[in-house]
Amino acid sequence: MSYVNLYKPPPPHGPTWGPDPYDINIVFNIDFNLLENDRLKLTPFIPAKHAQLYLEQSHDRPELYRFLPWQFPTLDDLLSKLEAWRLDPTWLTLVIIDKTRNSDDPSNLSSEGGGVAGIVALIHGDPHNLTVEIGAITILPSFQRTHVTTHMVGLLLHYCFSLPTADKPGLGLRRVQWAGNPANAPSFRVAKRFGFVKEGELRWTWVVQPDGKENILKARVGELPGRGSALYALCWDDWEAGAKETARRLMETK
């Protein structure tokens with residue numbers, strides 16, 4: 001029997017605000033009421049609602065992206081990347097809302113009841129193998145070294161590991177990954193505080209634009225540089241053996 005390859009690469013897309021209503025297109029069925037507490041909430045990043053304010057708070061801070069394989073100097077850059085992420089059903093981009101910020105704060109978005117503190121994503125979601133990765137973390141400068149990162153990670157971990165049969169049901173996952181530029185020590189300090197364990201380093205995981213990036217690797221002649229990733233993970237048995245209590249304590253004291 002003969003064979004064919006009918007794969008067609010997705011058509012290129014430019015900057016777009018996305019469909020209306022905005023289709024988050026994610027493999028998991030997520031109850032966003034459970035990604036919120038009295039200080040923070042995580043909700044889908046909808047470009048028409050969140051992109052302009054996020055860009056205003058970040059466009060002149062290229063250091064936010066020095067460890068990441070992307071950056072958003074313009075609104076078109078941001079919209080194009082958000083659409084690429086949206087079209088991937090294993091990826092969900094969330095906006096982080098700090099509910100403690102007053103209405104006169106420059107980051108405040110009245111329709112969300114707080115300040116736009118940054119973005120985070122659930123990526124490589126796999127409901128069959130019960131795994132996901134927390135990634136694309138970008139905390140805006142005025143929210144760094146506050147409660148925001150701790151509560152963001154804690155909310156996500158509780159939701160990822162809680163069983164669907166629990167009083168506050170979650171996704172019932174078995175493994176949550178945390179990967180990043182091996183030079184990004186602050187990111188991995190956060191992961192280790194919550195009990196993530198380093199499993200190794202992966203080489204040549206990303207092609208990157210060189211502007212303003214740290215720890216990049218020279219590739220072959222004529223090619224863009226790249227970088228590797230350090231890989232950490234927290235699993236369901238770690239969670240039940242003490243990481244859940246660690247997360248609760250961290251959130252109570254921050």
Scanning region 147-186 for residues that are surrounded by 19 or more Cβ atoms within 10 Å (Cβ to Cβ) and hydroxyl-bearing (Ser, Thr, Tyr), the one farthest from Lys99 (Cα to Cα) turns out to be Ser162
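Pick from Asp104, Asp31: which is surrounded by fewer than 14 Cβ atoms within 10 Å (Cβ to Cβ) and modelled with pLDDT of 95 or more?
Working: Asp104 fails: modelled with pLDDT of 95 or more.
None of the others qualify; the one that does is Asp31.
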Which of (1) crowded, with 18+ Cβ neighbours inside 10 Å; (2) without any contact (Cβ under 8 Å) to a residue 40 or more places away in the chain is the odd one out, the single condition Gln57 does not satisfy?
(2)
So His147 clears everything in (1) within 30 Å of Pro106 (Cα to Cα); (2) without any contact (Cβ under 8 Å) to a residue 12 or more places away in the chain; (3) not hydroxyl-bearing (Ser, Thr, Tyr) except one condition, right? Which one?
(2)
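Of the residues Pro47, Pro21, Pro15, Pro89, which is surrounded by 15 or more Cβ atoms within 10 Å (Cβ to Cβ) and either among the polar types (S, T, N, Q) or at pLDDT 95 or above (or both)?
Working: Pro21 fails: surrounded by 15 or more Cβ atoms within 10 Å (Cβ to Cβ); Pro15 fails: either among the polar types (S, T, N, Q) or at pLDDT 95 or above (or both); Pro89 fails: surrounded by 15 or more Cβ atoms within 10 Å (Cβ to Cβ).
Testing whether each residue is surrounded by 15 or more Cβ atoms within 10 Å (Cβ to Cβ) and either among the polar types (S, T, N, Q) or at pLDDT 95 or above (or both) leaves just Pro47.
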Which of the residues that make up region 109-161 are at pLDDT 95 or above and touching a His at 6+ places or on another chain (Cβ under 9 Å)?
Val116, Ile119, Thr131, Val132, Glu133, Gly135
Among the residues of region 188-234, what is the count of those that are on the phi > 0 side of the Ramachandran plot, surrounded by 13 or more Cβ atoms within 10 Å (Cβ to Cβ) and modelled with pLDDT of 95 or more?
1
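Regarding region 167-174, can at least one residue be identified that is over 23 Å from Gly228 (Cβ atoms), of a type in the set (Lys, Arg) and in contact with a strand residue (DSSP E or B) (Cβ under 9 Å, 6 or more places away or on another chain)? Full working, then the answer.
Step one: filter region 167-174 for residues over 23 Å from Gly228 (Cβ atoms), giving 167-174.
Those still in the list that are of a type in the set (Lys, Arg) too: 168, 174.
Imposing the further condition that a residue be in contact with a strand residue (DSSP E or B) (Cβ under 9 Å, 6 or more places away or on another chain) reduces the set to 174.
Checked region 167-174: at least one residue is over 23 Å from Gly228 (Cβ atoms), of a type in the set (Lys, Arg) and in contact with a strand residue (DSSP E or B) (Cβ under 9 Å, 6 or more places away or on another chain).
Looking at region 50-109, which of the residues that are hydroxyl-bearing (Ser, Thr, Tyr) and more than 18 Å from the chain's Cα centre (by Cα) is nearest to Gln209 (Cα to Cα)? Before you say what the answer is, go through the steps one by one.
Filtering region 50-109 for residues hydroxyl-bearing (Ser, Thr, Tyr) gives 54, 58, 65, 74, 80, 90, 93, 100, 103, 107.
Subsequent filtering for residues that are more than 18 Å from the chain's Cα centre (by Cα) retains 74, 100, 103, 107.
Values: Thr74: 15, Thr100: 36, Ser103: 37, Ser107: 29 Å.
Out of the qualifying residues, it is Thr74.
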Identify, by number, the condition in (1) at pLDDT 95 or above; (2) among the charged types (D, E, K, R); (3) loosely packed, with under 12 Cβ neighbours inside 10 Å; (4) within 28 Å of Pro62 (Cα to Cα) that Asp237 doesn't meet.
(4)
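The values are calculated or read from the model by the stated rules, or taken from the named source; none is laboratory data. Computed from a predicted model, the values in this text were never measured in an experiment. Positions of Cβ are generated from backbone atoms using ideal geometry, with glycine treated the same way; all protein chains shown enter the neighbour counts.
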